[in-house]
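The values are calculated or read from the model by the stated rules, or taken from the named source; none is laboratory data. Computed from a predicted structure; not experimentally measured. Glycine also receives a Cβ, built like all others from the backbone with ideal geometry; neighbour counts cover every protein chain displayed. Protein only, heavy atoms only, side chains kept; ligands, DNA and RNA dropped before computing areas. Shrake-Rupley method; radii C 1.70, N 1.55, O 1.52, S 1.80 Å.
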Amino acid sequence: MAVDLRVRAVDAREQMDAADADPRMLARTYARFAAVNAVVSDPRGLYRRLVRPRARGCAFGGALRVLDIGCGGGDLALALARRLRRDGHPAQVTGIDIDPRAVEWSTRADPEGLVQWRCTSSADLVDAGEQYDIVLSNHVLHHLTESGLHALLAESRRLVRIGGVAEHSDIARSRTAYALFAAATWPVAGTVLAGSYIRADGLTSIRRSYTRAELAARVPPGWRVEKRMPARLLLRWEAPHGAP
Ligand SMILES: C[S@@+](CC[C@H](N)C(=O)[O-])C[C@H]1O[C@@H](n2cnc3c(N)ncnc32)[C@H](O)[C@@H]1O
């Protein structure tokens with residue numbers, strides 16, 4: 001049956017979000033996120049473009065504070081923390097998720113304790129008065145309801161320090177993105193991805209994701225939506241220097 005990608009499939013649900021998701025399948029899904037993100041989310045580019053320049057700017061001003069909201073399997077936060085350490089930049093990287101299963105997984109995947117893992121929400125961090133130089137998320141926007149999206153954007157702005165930046169990266173919904181993901185994951189569905197939710201939830205994620213125009217129409221003033229390759233959207237807000 002042909003999949004209709006003209007409108008967001010807002011009622012489609014990702015299986016990994018279910019409270020009764022199979023724990024072994026969930027663990028395999030978290031374990032495979034790193035490979036998926038290495039291909040589609042460009043952690044190396046994220047570090048070079050967004051994180052490293054700000055870490056250099058912190059040279060005399062203390063440790064760079066980075067927050068990953070909805071860290072899932074924790075691979076992006078961990079990749080950033082490892083690169084910061086490799087390059088000798090003092091930093092505190094925090095990964096948060098509202099799902100305790102994700103936080104438990106990430107904590108176990110980081111025996112060196114490079115990242116501070118917390119089961120909490122961005123709203124709670126705002127209430128606690130936390131502030132960061134970089135607030136980011138990956139593959140979270142499409143999970144949210146319309147009000148959840150607005151809350152996340154308002155909270156991420158409040159979590160950014162003067163001169164800092166908030167950047168949310170996600171899939172850009174398109175027939176091409178869907179066809180490419182379906183084709184790329186089909187040959188490994190029974191091997192590398194077997195026993196995980198990656199293929200089924202990845203296809204659902206694409207159906208739930210925004211197009212550039214849809215996201216641009218929903219975000220408050222001050223946020224910029226960019227289309228990136230491959231089939232990516234980048235939603236960015238920069239805190240003015242000298243004013244919160
Ligand atoms: C598809 S996973 C993405 C995980 C990871 N960021 C990645 O790129 O692989 C989305 C994650 O966002 C989390 N999440 C959804 N809404 C959230 C919210 N409001 N605050 C924090 N985490 C949230 C979910 O629990 C889930 O672990």
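Electrostatic tally near T191: other residues with Cβ closer than 13 Å to its Cβ, Lys and Arg +1, Asp and Glu -1, net +3. Given +1 at the Cβ of Lys and Arg, -1 at the Cβ of Asp and Glu and no other charges, the dipole of the chain around its Cα centre is 1000 debye to the nearest 20. Computed with a 1.4 Å probe over protein heavy atoms only, the accessible surface of the range 1-105 comes to 54 Å² per residue. Computed from label points 7 Å out along Cα-Cβ, the spacing between Q15 and R108 is 2.0 nm. In a Debye calculation with equal point scatterers on the alpha-carbon sites of the chain and no solvent, what is log10 I(q)/I(0) at q = 0.18 Å⁻¹? Debye output, listed in q order: -1.56.
Computed extension length for D87-S174: 27.6 nm, one decimal, from 0.36 nm per residue of separation with the Cα-Cα distance subtracted.
Nearest 5 is fine: what % of DSSP beta bridges in the chain come out antiparallel, could you say?
35 percent
Between A123 and A154, what is the label-to-label distance in nm when each label sits 7 Å out along the Cα-to-Cβ direction? Between A123 and A154, the simple spin-label model gives 1.0 nm. Taking a sphere under 12 Å around the Cβ of A12 and counting the other residues whose Cβ falls inside, with K and R at +1 and D and E at -1, yields a net charge of 0.
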